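Shown next, in structure tokens, is the structure this report addresses.
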Amino acid sequence: MSSHPEPGSGRTTVVLFTRDLRVHDHPALSEAADASARVVPLFVLDDALLATRYARPNRLLFLLEALADLDGSLRALGGHLVVRRGDAVREVLAVAQAAGAHWVFASADVSAYARRRERRLAAACAEHGVEFRTFPGVTVVEAGAVRPAGGDHFRVFTPYWHRWRALPLRPLAQPPRRIAVPDGLARGVVPRLSELTVGAASPQVVSGGETLGRARLEAWCRDGLARYPDRHDVVAIEGTSRLSPYLHFGCLSPVEVASRCLARGGSDAFLRQLCWRDFHHQVTAAFPAIAREEYRPRGERWADDAELLASWTAGRTGYPLVDAGMRQLAAEGWMHNRARLITASFLLKDLGLDWRLGARHFLDLLVDGDIANNSGNWQWVAGTGNDTRPNRIFNPVRQALRFDPEGAYVRRWVPELATVTGARVHTPWRLPAAERERLDYCAPLVDHDEAAAAFRRRRST
């Protein structure tokens, strides 16, 4: 980290926005505005990322909306967003040189790509006489800020949670009072979705931006937080915050979310979810190959069956709760967390398919999909990650009876079963033959009990 700029200097700072698309509690932006006469808020549409499966329509649409909202917030402060497209390092340096900037600030991140970008930026800035600094802002607690005795990161969640929970929160950075962008710098434009990718977004994708994220946070703290412990696993109701896309893109500060929740009291159940997010980020910082390699290899011989995978992705497994979750994902670019666990367990432990296949499909569609949480959660379910019970299996029928007891979630997302009343909807193969024949619904791909037994046998050999 470079030396601290002198407050009130007449210099210029470029603030590179990445996964921190907000003006509230943005440490890099706040310090740049305090320490510099001029600030260049910059976002680079990185061609290297646009060429990967990360750049899928659902996330890109949310990103473009968030950028437009960020530009509006900056305009209200007297500035505007500068947009470029190309190689991130080359574009940052070009803008820094055009603006006569002395500093480049950015929020630190943990993915392998983000860390390579930071190293390249640091080297390129040093070569051109520009100071480069990173700031917190992507997580509540920075990766590596707390470590176990004798280790570089926590491998088990509970001790991490105890340490995390005891830490004081970082003070919130105040939003700038004014942003002055240097004259003569081309603004660039936020492109349309069709200019970045082929294909349309899912029909019910949530809209992006800090403005909407802050409104959702306000409503959540007022109406949802107190009921979260009793409602968050019930898939048929809006019992979760749905803040995850806004946290993923940094439209909301995770520290501000934690601070607002703590101010309400009784928020430990929800804070644990923020802590899980930080936990997976610190694991990813220590194990950057988490999307490709098994964190704790167990010698599992995962299958690669295209037909089974296609049935799972289409929500045609014959297990209604699994199919409902997969169809919600296709329609909304989001899935209830309990349904994520059940659909993932089914792919891995009922169908025996490789966790990487499921992780890729989720990453294709999830608006909140990122490397740390998506890969970390998939490896947790697979038993190759940070679960202390690696052989656990989610029974899709028992889970359905517990978390969708009346079948409302299933009937919403699997309309073929809309006429099946009550809990019977979770086991359509047990319906009377005449009723079953009237339904346009598939038979189960596998017998769960037999598949679970086969999985346990594989693990025991």
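Each reported figure results from applying straightforward, stated rules to the coordinates on display, with no laboratory input. No experiment lies behind these values; they were computed from the predicted model shown. Note that we place each Cβ from the backbone using ideal geometry, even for glycine, and neighbour counts take in every protein chain shown.
Couple of notes before you dig in:
- Note: relative contact order over the stretch 306-460, using C-alpha pairs below 8 Å and six or more positions apart, is 27 percent.
- Taking 0.36 nm per residue of separation and subtracting the current Cα-Cα distance, fully stretching the chain between Ala51 and Val198 would add 51.8 nm.
- Rounded if a/c under 1.5, otherwise prolate or oblate - the stretch 72-141, Cα gyration tensor axes: oblate
- Only the Cβ atoms of Lys and Arg (+1) and of Asp and Glu (-1) were treated as charged; on that basis the dipole of the chain about its Cα centre amounts to roughly 740 debye.
- At an R0 of 45 angstrom, the distance between the Cβ atoms of Glu238 and Asp34 translates into a FRET efficiency of 0.70.
- Positive-end residue, the chain charge dipole about Cα centroid, Cβ charges, pick of Gly265, Gln328, Leu81: Gly265
- 5 angstrom amide H check on Val82, placed H, neighbours 5+ away: Leu42, Phe43
- For the chain, the relative contact order is 18 percent, taking Cα pairs closer than 8 Å that sit 6 or more residues apart in sequence and dividing their mean separation by the residue count.
- Matching label, volume of the Cα convex hull per residue in Å³ computed from the structure shown, candidates [x] 148; [y] 157; [z] 177: [x]
- Euclidean distance of C-alpha centroids, the stretch 8-80 and the stretch 406-459, integer Å: 47 Å
- Mean residue ellipticity (222 nm) of the chain, computed from DSSP H runs ≥ 4 via -39,500 (n - 2.57), nearest 500: -13000 deg cm²/dmol
- Panel order for Thr158, Thr18, Thr13, by other beta carbons found within 10 Å of each beta carbon, from fewest to most: Thr158, Thr18, Thr13.
- Span from the the stretch 311-348 Cα centroid across to the the stretch 187-244 one, whole angstrom: 19 Å
- FRET efficiency, 1/(1 + (r/R0)^6) with R0 45 Å, evaluated for Arg301 and Ala263 via beta carbons: 0.35
- Between Arg360 and His128, the simple spin-label model (points 7 angstrom out along Cα→Cβ) gives 3.6 nm.
- Considering only alpha-carbon pairs that sit under 8 angstrom and 6 or more positions apart, the relative contact order computed for the stretch 12-137 is 35 percent.
- Full-stretch length increase - His162, Leu401 - with 0.36 nm per residue and alpha-carbon distance subtracted: 82.8 nm
- Nearest-20 debye value, the stretch 306-460 charge dipole, Cβ charges on Lys, Arg, Asp, Glu: 500 debye
- Gyration tensor (alpha-carbon) shape descriptor, the stretch 315-393, a/c threshold 1.5: oblate
- Helices that extend 20 Å or more along their long axis by alpha-carbon positions and average at least 0.0 on the Kyte-Doolittle scale are, among the DSSP H runs of the chain, 57-76.
- Across the options Val283, Val367, Thr197, the greatest Cα extent toward the positive end of the charge dipole of the chain (unit charges at beta carbon of Lys, Arg, Asp, Glu) belongs to Val283.
- In terms of surrounding Cβ atoms within a 10 Å radius of their Cβ, Trp103, Trp276 rank from fewest to most as Trp276, Trp103.
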